[in-house]
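Any read-out appearing in this document is the output of simple, stated calculations on the displayed coordinates, not a laboratory observation. What you see is a predicted model; the values in this text were computed from it and never measured. Positions of Cβ are backbone-derived with ideal geometry, glycine not excepted, and every protein chain shown enters the neighbour counts.
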């Protein structure tokens, strides 16, 4: 149930992040790449990704004034979960793969707003123009 | 005189029967040869459809690996596909008709993805990853159609 809630929240956050309504910022996270967004200074959403070669683990969490309220961890390790040769088209085919995609999409969207690629490119272009 | 005529007629009769028998044997042999050719063709066509079913399975595995961001494994699968598609296109060209060009396009799709997957940070951009996954699903659809058409032709042959 809590896990479904996490997916529901992740889907909403993804939509709002992609629509530019929500911005994330990078947080120091040791071996992980971490992004955080705050809602009215009380609630914070965190998305953290740890990478080891092809293996990736994403941790999504919601924290309130009293600590972590909800957390969900997904990974992309397929052994024992996906039987190759099964049909893949259709959402019910591989829940784990679809779940990983949702949180990974959110991670990438958060990173995009945090890094602000477009602004950096614009800034770089302006600086180059100034050089003449 | 009568005896001589009788021999002539019987010889002619034997000749006609022999000729008829030879024609019948030739016809039978031709029919058997044709049947053998048709059977061989059907086996070859069956092999073509089996091969494309396998190819479709490989593309589906590639899609799972791409969706799961398992880039190194996905690259291995992409290379497998790049080795198989031109081989099967050349091998089963006579059954593919217009699908041969489609296979060339699919080969180019997998080639571009393989190049991208072999880069330093493969598909780390959200839009690019989504586009790549969508392309692979389109490719699976195309391979499925080719497989379906091969099966339909096989059904027609019987």
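Considering only A:47, A:58, A:77, the Gaussian network model of chain A with Cα springs below 10 Å gives its largest mean-square fluctuation to A:77. Cα extents for the protein assembly as shown along the principal axes, largest to smallest and rounded to whole angstrom: 132, 59, 30. The distance between label points at residue A:83 and residue B:152 comes to 3.1 nm (points 7 Å beyond Cα on the Cα→Cβ vector). Averaging the Cα positions of each part gives two centres, and for the range B:38-68 and the range B:93-124 these lie 15 Å apart. Stokes-Einstein diffusion for chain A, with the hydrodynamic radius set to the Kirkwood value over Cα pairs and evaluated at 20 °C in a medium of 1.002 mPa s, equals 130 µm²/s.
Counting only Cα atoms, the range B:6-158 measures 99, 23, 21 Å along its principal axes, largest extent leading. In the elastic network of chain A, a GNM with C-alpha springs shorter than 10 Å, the most mobile of A:40, A:15, A:31 is A:40. For the range B:99-158, the percent of C-alpha pairs falling in each 5 Å distance bin, counted from 0 to the bin holding the largest distance, reads 4, 16, 21, 19, 14, 10, 7, 4, 3, 1, 0. Largest mean-square fluctuation among B:136, B:16, B:109, in a Gaussian network model of chain B whose springs join Cα atoms under 10 Å apart, belongs to B:16.
Counting only DSSP H runs of at least 4 residues, each contributing -39500 (n - 2.57), and dividing by the residue count of the protein assembly as shown, the helix-based mean residue ellipticity at 222 nm comes to -24000 deg cm²/dmol. For the pair residue A:11 and residue B:118, a Förster radius of 41 Å applied to the C-beta separation gives a FRET efficiency near 0.80, rounded to the nearest 0.05. Altogether, the Stokes-Einstein calculation at 20 °C and 1.002 mPa s, with the Kirkwood radius of the range B:1-88 over Cα pairs as Rh, returns a diffusion coefficient of 116 µm²/s. Remark: A:46, B:44 ranked as B:44, A:46, counting other beta-carbon atoms within 10 Å and listing the fewest first. Shape class for the range A:1-50, computed from the alpha carbon gyration tensor (a ≥ b ≥ c): oblate, with a/c not under 1.5 and a/b at or below b/c. Put in line by how crowded their Cβ is, counting other Cβ atoms within 10 Å and starting with the fewest, A:97, A:69 read A:69, A:97.
The modelled label-to-label distance for the pair residue A:126/residue B:16, using points 7 Å beyond Cα in the direction of Cβ, is 10.9 nm. Put a dot 7 Å past the Cα of residue B:54, heading toward its Cβ, do the same for residue A:55, and the two dots end up 3.2 nm apart.
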